[in-house]
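The block underneath contains the structure these notes are about, expressed in structure tokens.
The values are calculated or read from the model by the stated rules, or taken from the named source; none is laboratory data. Note that the coordinates shown come from a computational prediction; the quantities given were computed from them, not determined experimentally. Glycine gets a Cβ as well: all are built from the backbone with ideal geometry, and neighbour counts include every protein chain shown. Accessible surface is based on the protein model in full, side chains and every heavy atom, while ligands, DNA and RNA are left aside. Shrake-Rupley method; radii C 1.70, N 1.55, O 1.52, S 1.80 Å.
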Amino acid sequence: LMKGSKFVEVASVLDDGPAKAAGMQVGDRIERIEGRSAEGFTVPDCVQRLRGPEGTRVSVTLGRGDKRVELTITRAKIVR
């Protein structure tokens, strides 16, 4: 994740991670998390809201070019 102008932008997506499985792509803008605007959020703000117990879900609205994409990510343990 990296801070863009108004929204945090996705800088990379783990190949075997839950975000990739849900359809998130590099360059997407995180515009809403769980229905709440993410405008002005910092990277840590987004990370805090996206993390949660394994197996739970989080809804995310992404800006992709001039389109809006709705995703539901099922949280998983990420091992690096």
Q. When the convex hull of the C-alpha atoms of the chain is computed, what volume per residue in Å³ does it have?
A. 85
Q: Quick one: pull the percent of accessible area on the chain belonging to carbon and sulfur, 1.4 Å probe, ligands and nucleic acids left out.
A: 48
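Within the chain, what is the number of lysine pairs with alpha carbons under 20 Å apart, leaving out pairs fewer than eight places apart on the same chain? Don't jump to the answer; show the numbers that get you there.
Numbers: Lys3/Lys20; Lys3/Lys67; Lys6/Lys67; Lys20/Lys67; Lys20/Lys77.
Value for the chain: 5.
Quick one: grab the alpha carbon gyration tensor of segment 33-80, order the square roots of its eigenvalues as a ≥ b ≥ c, and give me rounded if a/c is under 1.5, else prolate or oblate depending on whether a/b is larger than b/c. Present the calculation step by step, with values, prior to reporting the outcome.
Details: a/c = 1.93, a/b = 1.47, b/c = 1.31.
The shape class here is prolate.
Defining a contact as two alpha carbons under 8 Å apart and six or more residues distant in sequence, what relative contact order in percent does the chain show? Display every interim value, and only then the final one.
Values: 143 pairs, mean separation 23.4, N = 80.
It rounds to 29 percent for the chain.
At most 16 other C-beta atoms within 10 Å and a DSSP loop state: those are the exposed GluC sites (Glu not before Pro) I care about. Give me the longest piece of the chain that has none.
Details: sites that count: Glu34, Glu39, Glu54.
With a cap of 16 other Cβ atoms within 10 Å, the longest stretch comes to 1-33.
Taking K and R as +1 and D and E as -1, what net charge do the other residues with C-beta under 11 Å from the C-beta of Leu62 add up to?
Numbers: positive: Arg29, Arg32, Arg64, Lys67, Arg68; negative: Glu9, Asp28, Glu31, Glu70.
Value of the local net charge: +1.
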